[in-house]
């Protein structure tokens, strides 16, 4: 498991060991820095973090629960392929919750502050895109959608949706660098916010539904380029 210097973790003594290993690996798996099929060495992780085998094992078991790694006998651990069934389920979950969230927000009398926050995030995304900072762009994208959950008072559902998002997030990560994709994300976000600002529920929900579906719709093209990354 190659670990460039820029990707080496920094131990946080205020946190338990296993979550640090889990977060580090999950982030790299989602970013495709550890692509499907990568062998993960427990020994290397222990040396990298300076932790014992127990937190490393616990982190890998948690990743297995999210179907992001496969653990085989003799302690071999491999990054899982992108599971299209799990990606579709995560998409269904996000779409269902966020459709209701944008409906609720669009009907709020005091939605102007939410609109302002969303527009600020879009401006940040545009600036990050201009700098070519796609990881930062992705973080801002997550913040845009997180605001929906926070505004309607269901922050725990955001955490739940993130736990199920590993496979759909990897599809989006493959799709994002494609020509025109990132500018389209910004345009989609502006359309969603315009619907919310106008109190137009069908427009806001329609823009959101189309936005969330685009990466899944593009999956056949992605699979043609990276056939070994996917499974049905």
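The values are calculated or read from the model by the stated rules, or taken from the named source; none is laboratory data. In this text the structure is predicted, and so the values were computed from the model without any measurement. Cβ coordinates were reconstructed from backbone atoms using ideal geometry, including for glycine residues, and neighbour counts include every protein chain displayed.
Can you tell me which of 25, 34 is outside the structural domain of residue 148 (by TED's automatic domain parsing), under 23 Å from residue 136 (Cα atoms) and in contact with a strand residue (DSSP E or B) (Cβ under 6 Å, 6 or more places away or on another chain)? Walk me through how you get there before you give the answer.
On the way: 25 fails: in contact with a strand residue (DSSP E or B) (Cβ under 6 Å, 6 or more places away or on another chain).
Going through 25, 34 in turn, the sole match is 34.
Is it the case that some residue within the stretch 181-196 is out of contact with any strand residue (DSSP E or B) (no Cβ under 9 Å at 6 or more places or on another chain) and within 22 Å of residue 35 (Cα to Cα)? Walk me through it before giving the result.
So in the stretch 181-196, the residues out of contact with any strand residue (DSSP E or B) (no Cβ under 9 Å at 6 or more places or on another chain) come out as 181-196.
Remaining after also requiring within 22 Å of residue 35 (Cα to Cα): 181-182.
Yes, the stretch 181-196 has at least one match.
Does residue 87 fit the bill of being at pLDDT 95 or above, in contact with a helix residue (DSSP H, G or I) (Cβ under 8 Å, 6 or more places away or on another chain) and farther than 15 Å from residue 143 by Cβ?
Details: at pLDDT 95 or above: yes; in contact with a helix residue (DSSP H, G or I) (Cβ under 8 Å, 6 or more places away or on another chain): yes; farther than 15 Å from residue 143 by Cβ: yes.
Considered against the rule, which asks whether it is at pLDDT 95 or above, in contact with a helix residue (DSSP H, G or I) (Cβ under 8 Å, 6 or more places away or on another chain) and farther than 15 Å from residue 143 by Cβ, residue 87 comes out as yes.
Kindly indicate which of 78, 69 is at pLDDT 95 or above and farther than 24 Å from residue 142 by Cβ.
On the way: 69 fails: farther than 24 Å from residue 142 by Cβ.
The unique qualifying residue is 78.
If residue 11 meets every condition in (1) within 22 Å of residue 162 (Cα to Cα); (2) touching a helix residue (DSSP H, G or I) at 6+ places or on another chain (Cβ under 8 Å); (3) assigned to a loop (DSSP other than H, G, I, E, B) apart from one, which number is that one?
Every condition holds for residue 11 apart from (1).
Applying the selection to the stretch 17-35, what residues are surrounded by 19 or more Cβ atoms within 10 Å (Cβ to Cβ) and assigned to a loop (DSSP other than H, G, I, E, B)?
Once the filter is applied, which keeps residues that are surrounded by 19 or more Cβ atoms within 10 Å (Cβ to Cβ) and assigned to a loop (DSSP other than H, G, I, E, B), the stretch 17-35 yields only 34.
Would you check if residue 182 is closer than 26 Å to residue 221 by Cα and in a helix (DSSP H, G or I)? Lay out the reasoning, then the answer.
Numbers: closer than 26 Å to residue 221 by Cα: yes; in a helix (DSSP H, G or I): yes.
Yes, satisfied.
For the stretch 149-163, does any single residue satisfy the condition of being surrounded by 16 or more Cβ atoms within 10 Å (Cβ to Cβ), modelled with pLDDT of 95 or more and either touching a strand residue (DSSP E or B) at 6+ places or on another chain (Cβ under 6 Å) or farther than 27 Å from residue 196 by Cβ (or both)?
Looking through the stretch 149-163, none of the residues is surrounded by 16 or more Cβ atoms within 10 Å (Cβ to Cβ), modelled with pLDDT of 95 or more and either touching a strand residue (DSSP E or B) at 6+ places or on another chain (Cβ under 6 Å) or farther than 27 Å from residue 196 by Cβ (or both).
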